[in-house]
Amino acid sequence: MDPRDVRHEAAELVKNTRDSLEAQRQLGLDFLPGAPAVPEPERPRSERERLLSGTLSLVETRQVLGECTRCKLHPHRTQIVFGVGHPQADLVFVGEAPGADEDAQGEPFVGRAGQLLTRMIEAMGLKRQDVYICNVIKCRPPSNRTPESDEIASCEPFLIAQIKAITPKLICALGGIAVSALLKTKAPLSKLRGRFHDYQGIPLLVTYHPAYLLRNPNEKKSAWQDLQLLQKEYTRLTGRPLG
Ligand code: URA
């Protein structure tokens, strides 16, 4: 192209642009919007962030858990014991860890201690299917030993995600491991039981673990008093009388 034609075309372009801007200015447009914002690409969220976000359902939480190998308990288990009950339960019971029967059946609290828990739930006027039952730890510790802190830490996001998915009105912590995992306290159970504490805005009642009650039947009376408190608060918060 002849350089004179190029200069002419460039001058035309500048003139047309200036005319167009002047026309827009006369119409009242006194600024030019910048280029539309390009949305930031979504940062991939870590597994922990997803679990703690409160956006996962129980089913999704179970899917994230998968065939877990995150801690040293996995080679010892028969199966993961995730939790059982109503996915929108108003009341969640949290125990310690699966025992032999739970490991065999894949359901929490089905052995002797579990049968006592079922009777405790029924004594309150509820059924197992009305509540949700889970443990701090989802795999059976070898020889039913107490769960260790690294095992509790590795399972913790899943317990939190379960509670967030259910959003219960009440939580009942069964025994010392559940209490320390949820309330982050080392205070003895005897100082904490029989009253409500706060877990992220949810009232949490502390009581004895059913396995402890099997070994110490004289404490069943106190446990029943705890459950009566729970029963009363359940009715107050749900509007459903129990009997
Ligand atoms: N003890 C628990 O803490 N959980 C169970 O599931 C069974 C026994």
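The values are calculated or read from the model by the stated rules, or taken from the named source; none is laboratory data. Worth saying up front: this structure is predicted, and the values here are computed from it rather than measured. Neighbour counts run over all protein chains shown; Cβ positions are idealised from the backbone, glycine included. The accessibility values were calculated without ligands, DNA or RNA, using every heavy atom of the protein model including side chains. Shrake-Rupley method; radii C 1.70, N 1.55, O 1.52, S 1.80 Å.
Okay, here's what the table says:
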| item | result |
| --- | --- |
| Test: residue in the stretch 68-78 that is within 25 Å of LYS169 (Cα to Cα) and more than 9 Å from the ligand (Cβ to nearest atom) | no |
| Hits in the stretch 202-243 - residues which are among the charged types (D, E, K, R) and either closer than 16 Å to GLY176 by Cα or open to solvent by 40 Å² or more (accessible area, probe 1.4 Å) (or both) | ARG215, GLU219, LYS220, LYS221, ASP226, LYS232, ARG236, ARG240 |
| Some residue of the stretch 213-224 being of a type in the set (Gly, Ala, Ser), closer than 25 Å to ASN144 by Cα and within 16 Å of the ligand (Cβ to nearest atom) | yes |
| Flag for GLY176 being touching a helix residue (DSSP H, G or I) at 6+ places or on another chain (Cβ under 6 Å), closer than 16 Å to PRO98 by Cα and not hydroxyl-bearing (Ser, Thr, Tyr) | yes |
| Boolean, GLY95 is of a type outside the set (Val, Ile, Thr) and over 30 Å from LEU237 (Cα atoms) | no |
| Members of the stretch 20-52 that are modelled with pLDDT of 75 or more, hydrophobic (A, V, I, L, M, F, W, C) and more than 44 Å from the chain's Cα centre (by Cα) | LEU21, ALA23, LEU27 |
| Selected residue (only one of THR61, THR78, THR69, THR17 is surrounded by fewer than 12 Cβ atoms within 10 Å (Cβ to Cβ), among the hydroxyl-bearing types (Ser, Thr, Tyr) and modelled with pLDDT of 95 or more) | THR69 |
| The lone exception for GLY201 - which of (1) in contact (Cβ under 8 Å) with a residue 60 or more places away in the chain; (2) more than 16 Å from the ligand (Cβ to nearest atom) it fails | (1) |
| From the options PRO87, PRO39, residue that is in contact with a Phe, Trp or Tyr (Cβ under 9 Å, 6 or more places away or on another chain) and either more than 30 Å from PRO142 (Cα to Cα) or not in a helix (DSSP H, G or I) (or both) | PRO87 |
| Lone unmet requirement of (1) touching a residue at least 60 places away in the same chain (Cβ under 8 Å); (2) on the phi < 0 side of the Ramachandran plot for THR69 | (1) |
| Residues being more than 11 Å from the ligand (Cβ to nearest atom) and either under 15 Å from the mean Cα position of the chain (by Cα) or surrounded by 22 or more Cβ atoms within 10 Å (Cβ to Cβ) (or both) - total across the stretch 86-105 | 7 |
